[in-house]
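The values are calculated or read from the model by the stated rules, or taken from the named source; none is laboratory data. Just so we're clear, the structure is a prediction, and the values are computed from it rather than from any experiment. Methodologically, a virtual Cβ is constructed for each residue, glycine included, from the backbone with ideal geometry; neighbour enumeration extends over all protein chains shown. Note: accessible area is taken over every heavy atom of the protein model, side chains too, but ligands, DNA and RNA are not part of it. Shrake-Rupley method; radii C 1.70, N 1.55, O 1.52, S 1.80 Å.
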Amino acid sequence: MLDLIILSLHFFICFLISIAIWYGPKNGYSHSSSTGGAEMEPDGLILIGKEEDIKKSQRITAKVDGREIVVFYHEGKFHALDSRCYHEGGPLCRGEIEDIDGQACIVCPWHKFKITLETGEGLYEGINPLEPSPTPKWQSKGVKQRIHKVTIDNGNVYVSPPDLSVSFDSDYFAEKYKNGGELAMGK
């Protein structure tokens, strides 16, 4: 009988731990206000956070109109883009930033796709077989990732709401993970 009580207690403790892990913080980059998203200002801009806080952490995620975005601070500039990679929805907030051909790029941690922070272009290394001695060169796939305009005002970082009249490849995954966000990072 004592074994059954100990086993039940063990199961209950494991259950509580799993709930705490599931609902606890997912990573050091997450940000949201008490309403579950970023706050809309009267001028239509969306407050993401304090400039100094983002400079320290180098990146932060936030919900903008239900869509998860990531704001990077890199080499003195702020950049904001959809948090999910256009290729297969990888979490860009966990990617590394690399300089590729003079452009700062986020590298998706899932499949190593490279996306410019400035324009959202997908880059790939390719060759021109018509050249006598073809050497790989960085080329653009076009703009694949939605970027968001960043505004700094009075020590605060804001982004403009997305203009959804123009679509980008990343929109599919932004919509797919709209409700999952950080909870779906491992998928």
Which listed residue is touching a residue at least 24 places away in the same chain (Cβ under 8 Å), open to solvent by less than 70 Å² (accessible area, probe 1.4 Å) and among the charged types (D, E, K, R), from 114, 144: 144
Verdict on residue 161 being touching a residue at least 40 places away in the same chain (Cβ under 8 Å) and surrounded by fewer than 16 Cβ atoms within 10 Å (Cβ to Cβ): yes
Qualifying residue in the range 52-72 (condition: in a strand (DSSP E or B), open to solvent by 60 Å² or more (accessible area, probe 1.4 Å) and at pLDDT 95 or above): no
Residues of the range 120-142 that turn out to be within 15 Å of residue 101 (Cα to Cα) and assigned to a strand (DSSP E or B), as a count: 11
Residues that are part of a loop (DSSP other than H, G, I, E, B), open to solvent by 40 Å² or more (accessible area, probe 1.4 Å) and farther than 16 Å from residue 144 by Cα, drawn from the range 85-111: 101, 102, 109, 110
Scope the range 143-168; condition assigned to a loop (DSSP other than H, G, I, E, B) and either of a type in the set (Ser, Thr, Tyr) or under 19 Å from residue 113 (Cβ atoms) (or both); matching residues: 144, 145, 146, 160, 165, 167, 168
